[in-house]
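S.K.: So that we are looking at the same thing, I have put the structure below in structure tokens.
Values quoted throughout were computed directly from the atomic coordinates according to the rules given, and no laboratory measurement underlies them. No experiment lies behind these values; they were computed from the predicted model shown. Note that we place each Cβ from the backbone using ideal geometry, even for glycine, and neighbour counts take in every protein chain shown.
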Amino acid sequence: MKAFDFVAARDAPHAVALLAEHGPSARLIAGGTDLLADLKFTPDVPRTVVDISRAADLKGIALRDDGLAIGALVTHTEIMRSPVIRGLFPALVDAAHTIGAVQTRNLGTLGGNLVTAVPALDSGPTLIALEAEVTMLGPAGGRRLLLADFFTGPRKTVLKPDELLIEIVIPKKNLGKPTSFQKFGLRKGQALALVNVAASVWLKGEEPRFVEPRIALGAVAPTIIRAPRAEAYLEGRAATPEAMAEAGRIAAGEAKPISDFRASAEYRRELIAVLTRRALEHACALARAGKKR
Amino acid sequence: MEVTLKVNGEARSASVAPETTLLVLLRTHFNLTGTKLGCDVGDCGACTVIVDGQAVNACLMLAGQADGREVVTIEGLATRDRLHPLQQAFEDHGALQCGFCGPGAILAAKVLLDESPEPTVDEIRDALAGNLCRCTGYTKIIAAVKEAAAVLRTERAERTDRT
């Protein structure tokens with residue numbers, strides 16, 4: 001690796017100060033699972049690496065007035081082990097489990113996964129289907145926006161060079177919303193998603209109908225996308241297998257998958273239809289099981 | 001920069017360049033070459049070590065990030081008297097051929113057994129998914145981990161009986 005300087009931040013405000021001090025050629029390191037793999041093979045390494053891995057104020061998982069807040073430094077392993085997350089959002093646990101292998105999940109953080117902004121990132125679809133928001137901190141203070149608006153393109157986000165992502169918040173109205181994450185990779189272990197899909201649904205009524213169905217598709221467009229036409233089709237509709245299959249077909253038409261060495265665009269489109277249907281069926285099963293309890 | 005960490009129970013310090021990884025620190029500065037350099041990007045798991053009780057890829061952690069932490073490497077497992085039960089089981093089962101993946105696989109398995117004394121085959125496969133082996137086809141590795149788990153459970157039960 002080419003030479004760089006290393007400074008450690010005590011907490012988030014200190015990290016912002018260090019970013020301001022060292023200028024735009026500074027990069028943050030948290031778990032390092034993406035950054036260090038990149039830095040070993042790139043000619044333009046940052047002049048300074050700011051280590052935030054010890055910033056205790058970015059590590060909490062807390063139920064608050066505004067919802068479930070997950071600190072940017074919470075690791076994928078911590079998500080899998082959190083009793084609160086396991087109880088409210090098993091889909092987040094499923095998604096975390098598909099990221100890398102245990103070594104990666106022990107170091108890799110939720111915030112780090114999101115800021116890479118690769119279209120196939122596995123922590124994103126579930127959070128977007130739950131309408132999660134992200135908070136960023138910069139020299140001028142904090143700002144908050146929908147995670148869906150955080151990504152602007154492959155490996156691109158709205159994050160400015162002097163800002164850091166500090167937390168992810170799932171809004172209170174969606175606490176416990178039945179949600180499913182489905183991923184298809186070429187292997188079981190350490191595989192990049194060909195397609196990943198998350199769906200969240202409320203079911204209401206004696207003959208259950210969809211209320212606020214939300215579908216997020218990953219790896220099939222420059223950023224993770226919602227499937228608004230499929231969602232609109234389902235809203236208020238009876239939760240039947242036919243409706244869910246049709247929503248899958250509609251969602252497939254909303255994506256812009258590409259062909260590459262892993263799979264063709266046509267194959268990915270088929271996967272979207274199947275995984276969307278499976279995600280809806282699984283979320284509905286969770287909703288029905290929850291109602292019986 | 002100066003770093004001080006506990007390696008296999010012993011405090012060790014070194015003066016390193018900031019871009020030094022934990023892997024380079026262990027191999028080059030501390031001469032602990034049991035930890036292997038494989039892919040260097042966190043895919044193969046040959047550099048797996050235990051940091052504060054968790055399996056991590058030493059190639060993806062900076063020495064400065066390991067400062068003040070507790071690291072266990074493959075050199076920390078055997079005692080003067082005997083191999084660790086995992087090492088013994090790997091040997092007995094032929095779970096190593098070329099042996100390059102062994103240190104990482106054994107340490108990943110150790111973390112699993114520390115947390116889960118009686119793992120299922122699926123749990124073993126999941127815990128070792130980040131440790132690539134091109135020789136054994138994994139069957140013998142999984143058998144060795146199962147046996148080591150049984151040995152460790154027996155030893156633990158005997159210790160409890162004695163106290």
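S.K.: Report ³J(HN,Hα) in whole Hz for each residue of the range A:152-166, in order, from the Karplus equation J = 6.51 cos²θ - 1.76 cosθ + 1.60 where θ = phi - 60°; Gly and Pro get x.
M.R.: Per-residue couplings from phi come out as 10, x, x, 6, 10, 9, 7, 4, 7, x, 9, 10, 10, 6, 10 Hz.
S.K.: About the Cα centre of chain A, how large is the charge dipole given +1 on each Lys and Arg Cβ and -1 on each Asp and Glu Cβ? Please answer in debye to the nearest 20.
M.R.: Here the size comes out at about 660 debye.
S.K.: While we're on this one: Rounded, prolate or oblate, given the Cα gyration tensor of the range A:20-113, with a/c below 1.5 counting as rounded? Please report the intermediate quantities before stating the final value.
M.R.: Numbers: a/c = 3.19, a/b = 1.64, b/c = 1.94.
Here the range A:20-113 falls in the oblate category.
S.K.: Which of rounded, prolate or oblate describes chain A when judged by the alpha-carbon gyration tensor and an a/c cut-off of 1.5? Please list the in-between numbers first.
M.R.: Working: a/c = 2.13, a/b = 1.58, b/c = 1.35.
Prolate, because a/c is 1.5 or more and a/b exceeds b/c.
S.K.: Go through A:LYS188/A:LYS291; A:LYS173/A:LYS204; B:LYS6/B:LYS140; A:LYS188/B:LYS146; A:LYS2/B:LYS36 and tell me which ones have a Cα-Cα distance over 24 Å in this structure. It would help to have the intermediate numbers written out before the result.
M.R.: Details: A:LYS188/A:LYS291 32 Å; A:LYS173/A:LYS204 15 Å; B:LYS6/B:LYS140 32 Å; A:LYS188/B:LYS146 21 Å; A:LYS2/B:LYS36 21 Å.
Beyond 24 Å between Cα atoms: A:LYS188/A:LYS291; B:LYS6/B:LYS140.
S.K.: Out of residues 5 or more away from A:ARG155 or on other chains, whose amide H comes under 5 Å of its own, with H placed 1.01 Å from N in the peptide plane?
M.R.: Excluding prolines and chain starts, which carry no amide H, the hits are A:VAL118.
S.K.: Shifting gears a bit: Tell me what chain A gives for mean residue ellipticity at 222 nm when only DSSP H runs of n ≥ 4 count, each as -39,500 (n - 2.57), the sum divided by the residue total, rounded to 500 deg cm²/dmol. Don't skip to the answer; put the middle values down first.
M.R.: Numbers: 12 runs with 108 residues, N = 293.
So the calculated ellipticity at 222 nm is -10500 deg cm²/dmol.
S.K.: Something else: Label points 7 Å out from Cα along the Cβ direction at A:LYS2 and A:GLU270: separation in nm?
M.R.: The two pseudo-label positions are separated by 4.4 nm.
S.K.: Most mobile of A:ALA132, A:ALA283, A:ALA191 per a Gaussian network model of chain A (Cα springs, under 10 Å)?
M.R.: The residue that fluctuates most here is A:ALA191.
S.K.: Then there's this: Under a 5 Å amide H to amide H cut-off, with H placed in plane at 1.01 Å, what residues pair with A:ASP5 once short-range neighbours are removed?
M.R.: Residues meeting the criterion, in which the H sits 1.01 Å from N, are A:THR48, A:VAL49.
S.K.: Summing -39500 (n - 2.57) over the DSSP H runs of n ≥ 4 in chain B and dividing by its residue number, what mean residue ellipticity at 222 nm do you reach, to the nearest 500 deg cm²/dmol?
M.R.: Numbers: 5 runs with 58 residues, N = 163.
Per the formula, -11000 deg cm²/dmol.
S.K.: Give the separation of the Cα centroids, the range B:87-124 to the range A:6-75, in Å.
M.R.: Distance between centres, Cα-based: 33 Å.
S.K.: Would you be so kind as to identify which of B:CYS59, B:LEU96, B:LEU112 lies farthest towards the positive end of the dipole of the range B:14-141, taking Lys and Arg as +1 and Asp and Glu as -1 on Cβ and the Cα centre as origin?
M.R.: B:LEU96
S.K.: Would you order B:GLU158, A:GLU212 from fewest to most other beta-carbon atoms within 10 Å of each residue's own beta-carbon? All intermediate terms of the calculation are to be shown ahead of the outcome.
M.R.: Details: B:GLU158 9, A:GLU212 15.
Ranking B:GLU158, A:GLU212 by Cβ neighbours within 10 Å, fewest first, gives B:GLU158, A:GLU212.
S.K.: Could I ask something else about it? For chain A, set up a GNM with springs between Cα atoms under 10 Å and report which of A:ALA96, A:ALA37, A:ALA247 has the largest fluctuation.
M.R.: A:ALA37
S.K.: For a protection proxy built on the mean count of beta-carbon atoms within 10 angstrom, sort A:105-112, B:62-69 highest first, please. Each step should come with its number before you reach the end.
M.R.: On the way: A:105-112: 26.2, B:62-69: 22.1.
Answer by packing, highest mean first, reads A:105-112, B:62-69.
S.K.: Further question: Shape verdict for the range A:113-248, please, from the Cα gyration tensor: rounded (a/c under 1.5), prolate (a/b greater than b/c) or oblate.
M.R.: Numbers: a/c = 2.43, a/b = 1.49, b/c = 1.63.
Oblate.
S.K.: Over what distance in Å are the Cα centres of the range A:221-260 and the range A:97-118 separated?
M.R.: 26
S.K.: Which of A:ILE85, A:ILE258, A:ILE250 moves most in a GNM of chain A, Cα contacts under 10 Å?
M.R.: Greatest mean-square fluctuation among the candidates belongs to A:ILE258.
S.K.: Hey, got the dipole for the range A:154-274? About the Cα centre, +1 on K and R Cβ, -1 on D and E Cβ, debye to the nearest 20?
M.R.: Numbers: 20 positive and 14 negative charges, 62 e Å.
So the dipole magnitude of the range A:154-274 works out to roughly 300 debye.
S.K.: Based on the Cβ-Cβ distance of A:ARG155 and A:ARG86, what FRET efficiency does E = 1/(1 + (r/R0)^6) give at R0 = 22 Å, to the nearest 0.05? Kindly include the intermediate steps, with their values, before the conclusion.
M.R.: Numbers: r = 31 Å, r/R0 = 1.41.
Computed FRET efficiency for A:ARG155 and A:ARG86: 0.10.
S.K.: Read phi for every residue in the range A:214-225 and hand back ³J(HN,Hα) as whole Hz from Karplus 6.51 cos²θ - 1.76 cosθ + 1.60, θ = phi - 60°, with x for Gly and Pro.
M.R.: So the J values, rounded to whole Hz, are 10, 10, 10, 10, x, 6, 10, 6, x, 10, 5, 10.
S.K.: Express the relative contact order of the range B:45-163 as a whole percentage, based on alpha carbon pairs under 8 Å and six or more residues apart in sequence. Numbers along the way, then the final one.
M.R.: Working: 146 pairs, mean separation 36.1, N = 119.
Relative contact order, the range B:45-163: 30 percent.
S.K.: Neighbouring Cβ atoms within 10 Å as the yardstick, rank A:GLU281, B:GLU2, A:GLU231, B:GLU91 fewest first.
M.R.: Numbers: A:GLU281 18, B:GLU2 10, A:GLU231 22, B:GLU91 13.
Lowest count first: B:GLU2, B:GLU91, A:GLU281, A:GLU231.
S.K.: So for each of A:140-152, A:262-274 I average, over its residues, the number of other beta carbons within 10 Å; can you give me the resulting order with the highest mean first?
M.R.: Numbers: A:140-152: 15.2, A:262-274: 18.2.
Put in order of decreasing packing, that is A:262-274, A:140-152.
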